[in-house]
Amino acid sequence: MNTPTLAEKLGTTARTSALLHKVQRLGLANVAALEWLAGDVAKYSGIDVKAGIRGTERRLPEEVELVLFRIAQEALRNVWRHSAATKAEITAEFAERMTRIVISDNGRGFSPPKTLGSLPRDGKLGLAGMQERAQLLGASLIIRSEQGKGSVVTVELPG
Ligand SMILES: Nc1ncnc2c1ncn2[C@@H]1O[C@H](COP(=O)(O)OP(=O)(O)OP(=O)(O)O)[C@@H](O)[C@H]1O
Ligand SMILES: [Mg+2]
């Protein structure tokens with residue numbers, strides 16, 4: 001029996017699978033990989049998406065990088081679908097004992113519900129799924145947003 005590829009395990013479309021290969025090769029926290037993701041989103045959304053790194057980049061276990069990448073992708077999909085932003089940014093931050101992926105936009109903002117777990121009842125699976133994936137890694141998903149003031153989604157991974 002063939003071992004499923006990571007792309008298969010994560011259940012991805014052709015486009016995502018190309019992105020995943022990129023990330024696998026370069027590492028999530030590589031400027032080139034983030035710029036690739038930013039460029040892909042910019043192309044389909046028309047939003048000016050910038051990518052950046054803070055701190056000294058380091059590799060994380062492959063599966064961790066891929067999960068973080070998928071969360072970032074979903075966050076950027078939300079920016080495209082809901083924010084009406086003109087600008088967005090994806091940043092990987094390497095602190096001494098913490099890795100953060102921050103996705104921000106200058107769009108309309110929203111009031112996140114107290115518990116993201118209540119969203120799927122309304123057919124909204126994105127944020128709850130991102131939180132679930134983050135928790136599987138021992139990371140937290142933090143959302144800061146206010147009507148009219150843009151949104152910031154942060155995945156914070158200790159270690
Ligand atoms: N960057 C953002 N700017 C403005 N609103 C947002 C943003 N991200 C999320 N939202 C709001 O939060 C809601 C929940 O997002 P979520 O990703 O869980 O569901 P969805 O995008 O509506 O549906 P799905 O992800 O299942 O296709 C969205 O419907 C939207 O109202
Ligand atoms: Mg969504």
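Computed from the coordinates by the stated procedures, all read-outs in this text should not be read as laboratory data. These numbers were taken from a predicted model, which means no experiment stands behind them. A quick note on method: Cβ atoms are made from the backbone with ideal geometry, for glycine too, and the neighbour counts reach across all protein chains shown.
Brief remarks follow.
- GluC sites (Glu not before Pro) within segment 70-145, DSSP loop, no more than 16 other Cβ atoms inside 10 Å: Glu96
- Proximity of backbone amide H atoms, modeled 1.01 Å from N, is registered between Ala88 and Asp48, Val49, Lys50 at under 5 Å, excluding neighbours fewer than 5 places apart on the same chain.
- Under 19 Å from the Lys87 label point (7 Å along Cα→beta-carbon), backbone N, segment 128-159: 144-154
- Rounded to whole numbers, the Karplus 3J(HN,Hα) couplings from phi for segment 110-115 are 7, 9, x, x, 4, 10 Hz, using 6.51 cos²θ - 1.76 cosθ + 1.60 with θ = phi - 60°, and x at Gly and Pro.
- Computed label-point distance, nm, for sites Arg54 and His21 using a 7 Å Cα→Cβ extension: 3.4 nm
- Packing-based exposure ordering (other Cβ within 10 Å, fewest first) of Val64, Val79: Val64, Val79
- If R0 is 25 Å, the Cβ-Cβ spacing of Arg77 and Arg144 corresponds to a FRET efficiency of close to 0.85.
- Angle of helix 31-45 to the longest C-alpha principal axis of the chain, folded into 0 to 90 degrees and rounded to 10: 50°.
- Degrees between helix 62-78 axis and first principal axis of the chain (Cα, 0 to 90, nearest 10): 30 degrees
- Anchor Lys87: lysines whose Cα lies under 21 Å away (excluding residues fewer than 8 positions away in-chain): Lys43, Lys50, Lys149
- Close amide H contacts of Met98 (hydrogens built in the peptide plane, cut-off under 5 Å, sequence separation of 5 or more or a different chain): Gly159.
- Excluding exposed DSSP-loop trypsin sites (Lys or Arg not before Pro) (at most 13 other C-beta within 10 Å), longest clean stretch of the chain: 1-57
- Only DSSP H runs of four or more residues enter the estimate; each adds -39500 (n - 2.57), and after division by the residues of the chain the mean residue ellipticity at 222 nm equals -12000 deg cm²/dmol.
- Computed label-point distance, nm, for sites Thr115 and Glu132 using a 7 Å Cα→Cβ extension: 1.5 nm
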